[in-house]
Each structure stands twice: as structure tokens, then as C-alpha cells.
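The values are calculated or read from the model by the stated rules, or taken from the named source; none is laboratory data. Note that the structure is predicted; figures quoted are calculated from it, not measured. Here Cβ is always computed from backbone atoms with ideal geometry, including for glycine, and neighbour counts include all displayed protein chains. All accessible areas refer to the heavy atoms of the entire protein, side chains included, with ligands and DNA or RNA removed. Shrake-Rupley method; radii C 1.70, N 1.55, O 1.52, S 1.80 Å.
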Amino acid sequence: MNNADDGLTVALLDASVGETPAERNVRRELDADVRAYKVSEGVFPPRVGANEWEFDAVVVSGSQTSVYDEEPWIAATAAWVREAVKAGVPLLGVCWGHQLLARAVGGEVDPMGGIGELGYTTVERLETSDPLFDGVDPSFVAFETHTDEVTALPSAATPLAETERALQAFRVENAWGVQFHPEYDRDTARWVTENKRGWLDDETVDAVLETVTAERHAQTAQATRVFDNFLAVARRTSTPREVSN
């Protein structure tokens, strides 16, 4: 691990499939040395505690898949994340990464039905203090795009935020999941929404696209704070303990 004065090194587990803005968005939002691994193509960082391990924190991206799909790389990613959590590595799962983290530590993820959540949504923090949400208002706006949700958490996990439709954030050990997308810019919000054509009717897609304005996007600044808060946690965290077999 690096010393804080030298900057942080973050492993990005990019679970998106094909060419997507996932890596670009995380690199833009994280003030750190981000090293990306395309886990959807079977490329992973070293094991935690291995000689090659050199990371201060881990981020797990969104994906077009479901965490319960029977793909070998998804099972391998869950196993890798489970080991990282056990080792105490600061970890942040975003959208799909939030769901994968929940499932990896014993929670449940299920389809929501319908179109799920798509577009700018108001997220409500729960009555729980947590460093991930330092300086974030009790209610804040974030962009959502998901049709699965975390439906159950293990007893060791603490729910942190929700909307009327789904759990939006939780913590377990030194790992956090957020269902919303704090990393999205307007281009990504439009790109994701346009890609819903054919699955959603044009009227629904067009209605969401009309909301992707500079004014609406500016309201997501509160959500973006979770990245700086996550890095602050990583700076305060000592070298992760070795994982016992």
C-alpha cells in the first residue's frame, strides 16, 4: 500500500461488458491512481495479501448483467470481493457492484419487475451516521438505472439509504454498496437511457432523456461526495490483514 502522502492506488473491478464509460467515469471522479481490471473478461487484480498486492482500496463498477447470472466470471468476482471484505480492504460497490457485494456476504438480490428505477431519483439517508455520507444531505438526488435490487442483507450489514422502491446503500465491515450512480455525467446518463430503446418504449426513453439537463445533473453533486468520503476512509485504513485459508 502507498502512504497517504504519496496518493492512493485503487483497483477498479470493471464488470461492464464491452466498450462502456465505466472506467472513464471512475477515473474522473477518484483523486487516485486507478488501475482497471476488466473482470467481465476474466482479468482480476492480484489476491489480497499476495506479493503483487499494492492497493489501498477497491471499487466495483456497474454492469449490464445480473449478479445471479450463471457466468464463471461473476462467481469469480464474488469470491474475490468476499476475500477482500474478509481482509478489511476498503471497498465500494456501485449499482451492480452494490448488489454483488450484498450477495457475496450473504444477502439476496432479486428482479424488481417493470422498468426498475431509471432516471434522476431522490435518495433518503436512514437515521444512521456513516463516514461514506459525511457532508451529504438527508435527501439527495442521484441517477439510477437498475432492474434488480438487494432484497435482504446479512445481520452484519447496516442499511444506510433508500428510495421508495429499493435499498440504496449499506455497509458491511469496511465495505460499502451504493445502488445509485455517483459517477455518472450527463453523457453517460444519456448513453445508458438511449440503450434502453427496444426494451422500453420510445415514449418512456424520451421522457427520461428530457430530464437529463445541466440543472438536474448539478443536483447530483451531493451523491458524488461519496467518492471523496470513500477515499478519506481508505487514507485512514492501515494495511489489510492477511486472509487465513
Worksheet item: At a 1.4 Å probe radius, carbon and sulfur cover how many percent of the accessible area of region 74-181?
Response: 46
Practice prompt. Using only the alpha-carbon atoms of region 124-245, report the extent along each of the three principal axes, biggest first, to the nearest angstrom.
Written response: 52, 29, 28
Worksheet item: Under a Cβ-Cβ cut-off of 14 Å, what is the net charge of the residues other than Ala102 that fall near it, where Lys and Arg count +1 and Asp and Glu count -1?
Response: -3
Worksheet item: Taking all pairs of different Cα atoms in region 1-109, averaging 1/r and flipping that mean, what Kirkwood radius in angstroms comes out?
Response: 13.9
Practice prompt. For Thr213 and Leu200, compute 0.36 nm times the residue count separating them, minus their Cα-Cα distance, and round to one decimal in nm.
Written response: 2.6 nm
Worksheet item: Heavy-atom accessible area per residue, the chain, 1.4 Å probe: how many Å²?
Response: 45
Discussion item. What are the equivalent ellipsoid semi-axes of region 55-102, built from the alpha-carbon gyration tensor (square roots of five times its eigenvalues), in whole angstrom, biggest first?
Written reply: 18, 12, 8
Worksheet item: When the helix-only estimate is applied to the chain (DSSP H runs of n ≥ 4, each -39,500 (n - 2.57), divided by the residue count), what is the mean residue ellipticity at 222 nm, nearest 500 deg cm²/dmol?
Response: -8500 deg cm²/dmol
Worksheet item: Using θ = phi - 60° and the Karplus curve 6.51 cos²θ - 1.76 cosθ + 1.60, what whole-Hz ³J(HN,Hα) does each residue of region 102-111 get, with Gly and Pro shown as x?
Response: 4, 5, 5, 9, x, x, 10, 10, 9, x
Discussion item. Below 8 Å between Cα atoms, with a sequence gap of 6+, how large is the relative contact order for the chain in percent?
Written reply: 21
Discussion item. Once you keep just the Cα pairs under 8 angstrom separated by 6 or more residues, what percentage relative contact order results for region 173-240?
Written reply: 39
Worksheet item: What ³J(HN,Hα) values, in whole Hz, does the Karplus curve 6.51 cos²θ - 1.76 cosθ + 1.60 give for region 8-18 when θ = phi - 60°, with x put for Gly and Pro?
Response: 9, 10, 10, 8, 9, 8, 8, 8, 5, 9, x
Worksheet item: In a solvent-free Debye calculation with one equal scatterer on each Cα, what is log10 I(q)/I(0) for the chain at q = 0.12 Å⁻¹, listed in the order of the q values?
Response: -0.63
Item to complete: Calculate the length of the line joining the C-alpha centroid of region 47-111 to that of region 170-234, in whole Å.
Response: 20
